[in-house]
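J.: Next up is a structure, given as structure tokens.
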Amino acid sequence: TAVCSGGWATHGETILNDDEHLWWAKGGALCGEAVSRIAFLCGLIEKLPGTPEPLIQPLAMDINGAAMEASPFMRAIGRMGEAERTAYILEITPVAVAGEGWRLHYMGRGQSRRAEFDLPQDSRWTAQVIDTWNMTVNEASRGLSGHVRIETGGEGMAVLLTKEEA
């Protein structure tokens, strides 16, 4: 979530060890499994060209349109200021990009077993499903364009879409 929203997460370990030493307060050696997960994320990002930046995606429907009146959710979104609305959209499904070559979509805890994407029709893309907990990357499909559905497997997954060379 942090990387896709334009930041970088660190580790604030709060495991109290036998020496009563808290890492976030004094530094030192980290305990637990977080170190390998941080390294996994760092390795993924380092392999991608460019610096990740958040992609601010517009809402699917016009916030001033007739559909606003039919949906309490959309009416609530419409009452938000632009900055509030942008922050909320980033929270729904954060997406990081660097230029036109790749997109990293983090699905978070509320994700179903599949995700849908609208890719440019004039290029082909490869999709990889990243299991953020088990630290695995599996190719899902190649040659994608237009509206596609990717089976993710559930919550906590990410999808890396990379543009294929022509």
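J.: Can you list the GluC sites (Glu not before Pro) in segment 102-166 that are in a DSSP coil and have 16 or fewer other beta carbons within 10 angstrom? Before the final figure, lay out the partial values.
T.: On the way: sites: 116, 139, 151, 155, 164, 165; in loops: 155, 164, 165.
Answer by residue number: 155, 164, 165.
J.: Label residue 73 and residue 134 with points 7 Å out from Cα along Cα→Cβ: what is the distance between them in nm?
T.: 2.9
J.: Using only the heavy atoms of the protein chains and a 1.4 Å probe, how would 8, 133 rank by accessible area, largest first?
T.: Descending order: 133, 8.
J.: Okay, next question. Order 147, 105 by their accessible area, 1.4 angstrom probe, all chains in place, largest first.
T.: 147, 105
J.: Subtracting the Cα-Cα distance from 0.36 nm times the residue separation, let me have the gained length for residue 42 to residue 162 in nm, one decimal. All intermediate terms of the calculation are to be shown ahead of the outcome.
T.: Values: separation 120, 0.36 × 120 = 43.20 nm, distance 1.75 nm.
41.5 nm is the gain from fully extending residue 42 to residue 162.
J.: How large is the accessible surface of residue 26 in square angstrom, using a 1.4 angstrom probe and rounding to the nearest 10?
T.: 150
J.: Spelling out what I want: for every residue of segment 120-127, take phi, set θ = phi - 60°, compute 6.51 cos²θ - 1.76 cosθ + 1.60 (Karplus), and round to whole Hz; glycine and proline get x.
T.: Once rounded to whole Hz, the list reads x, 6, 8, 9, 10, 10, 10, 10.
J.: At a probe size of 1.4 Å, how large is the accessible area of residue 142, to the nearest 10 Å²?
T.: The value for residue 142 is about 150 Å².
J.: Sort 144, 161, 30 by accessible area with a 1.4 Å probe, largest first.
T.: 30, 144, 161
The values are calculated or read from the model by the stated rules, or taken from the named source; none is laboratory data. Predicted model, so just to flag it, every value in this text is computed and none were measured. Methodologically, a virtual Cβ is constructed for each residue, glycine included, from the backbone with ideal geometry; neighbour enumeration extends over all protein chains shown. These accessible areas exclude ligands, DNA and RNA; they are computed on the full protein's heavy atoms, side chains included. Shrake-Rupley method; radii C 1.70, N 1.55, O 1.52, S 1.80 Å.
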